[in-house]
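Since every read-out is calculated from the coordinates, none of them should be taken as a lab result. The structure displayed is predicted, hence computed values, not measured ones. Note that we place each Cβ from the backbone using ideal geometry, even for glycine, and neighbour counts take in every protein chain shown.
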Amino acid sequence: MTIQNFFGVDTIFFTLLNYPMSYIEFFGTIFTGWSVYLSAKNKVISWPVGLVGVVLYGFLFYQIQLYSDLFEQLYYLLTGFWGWWVWTHPAAKERDTNSELVISRTSRNFNLIGLASIVILTFSLSSFMSNIHLIFPVLFPVAASFPFMDAFTTAASFVANVYLVKRKIENWYLWIIVDIIGVFLYYQKGVIFLALLYVFFLINAFKGVYDWSKTLKGYAKKV
């Protein structure tokens with residue numbers, strides 16, 4: 001099998017319950033799921049593991065015409081390296097006992113900026129993606145699927161990932177919303193394994209809220 005075939009969405013790895021699983025969907029899902037699990041466990045290694053999943057999903061989303069998700073992977077590629085650096089190189093006053101960035105809550109102003117960013121990005125990205133096949137017909141010959149819904153989850157994920165980089169507990173509340181929509185979206189597009197992954201993401205996001213809340217309470221007891 002060539003590298004080109006590996007990255008092709010039609011190259012089937014195995015069939016499970018009549019569902020044809022491509023190599024790229026399977027391994028992209030494995031690395032992404034592993035990364036999200038490690039994030040909930042508050043592990044720094046989640047960032048390099050996630051970078052592998054980002055690359056694989058970028059190829060996948062291009063081939064199934066979820067273009068907002070494609071550009072989202074480019075964003076995750078950049079923030080993946082950023083998050084890896086921020087978590088391991090915090091300011092002295094923000095370090096925990098492992099010399100890593102501590103978990104904290106966001107301020108009201110930060111949340112307002114985040115909300116405004118989601119609204120602006122959603123409408124801007126939705127408008128652009130609805131017409132991308134007309135603007136760049138050679139690169140994107142097929143019209144985008146679910147452009148508004150896809151744009152919203154992308155915008156919310158952008159903000160949630162900034163919260164995650166800053167190790168803010170509110171990132172998990174945003175991920176819960178994104179994951180609920182993601183289950184529906186990917187099921188509709190026929191990538192069932194990815195939809196199931198988002199069910200796992202949803203459960204993991206609730207676990208993230210629980211675990212990070214316990215850590216925050218632990219900080220308070222030490223003060």
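Using a Förster distance of 41 Å, how high is the FRET efficiency between F81 and T15, based on the Cβ-Cβ distance and rounded to 0.05? Numbers along the way, then the final one.
Values: r = 36 Å, r/R0 = 0.88.
In this case the efficiency is close to 0.70.
I'd like the projected area of region 126-220, averaged over all directions, using the convex hull of its alpha carbons. Report it in nm² with one decimal. Kindly include the intermediate steps, with their values, before the conclusion.
Numbers: hull surface 27.7 nm².
So the mean shadow area of the Cα hull is 6.9 nm².
Using just the Cα positions, wrap region 1-66 in a convex hull and report its mean projected area in square nanometres, one decimal place. Present the calculation step by step, with values, prior to reporting the outcome.
Values: hull surface 20.6 nm².
Mean shadow area of the hull around the Cα atoms is 5.1 nm².
Rounded to the nearest 10 degrees, what's the angle between the helix 23-40 long axis and the longest principal axis of the chain, both from Cα atoms, 0 to 90?
10
Measure of size requested: the Rg and Dmax of region 50-191, with Cα atoms as the atom set and Å as the unit; please supply both.
Computed over the Cα atoms of region 50-191, radius of gyration and Dmax are 16.5, 53 Å.
Checking the a/c ratio against 1.5 first, then a/b against b/c, what shape does the Cα gyration tensor give for region 174-223? List each step's numbers first, then the result.
Values: a/c = 6.90, a/b = 3.85, b/c = 1.79.
Taking the square roots of the gyration eigenvalues as a ≥ b ≥ c, region 174-223 is prolate.
If R0 is 30 Å, what FRET efficiency do you get for K217 and L115 from their C-beta distance, rounded to 0.05?
On the way: r = 26 Å, r/R0 = 0.88.
My answer for the efficiency is 0.70.
Where the centre of each part is set by its Cα atoms, how far does region 158-182 sit from region 10-71, in angstrom?
18
Filter the cross-link list K168/K189; K166/K214; K41/K189; K166/K189 down to pairs whose alpha-carbon distance in this structure exceeds 25 Å. Don't jump to the answer; show the numbers that get you there.
Numbers: K168/K189 32 Å; K166/K214 18 Å; K41/K189 30 Å; K166/K189 32 Å.
Beyond 25 Å: K168/K189; K41/K189; K166/K189.
Apply 1/(1 + (r/R0)^6) to the Cβ-Cβ distance of L139 and F184, taking R0 = 25 Å, and write down the FRET efficiency to the nearest 0.05. List each step's numbers first, then the result.
On the way: r = 27 Å, r/R0 = 1.08.
Using R0 = 25 Å, I get an efficiency of 0.40.
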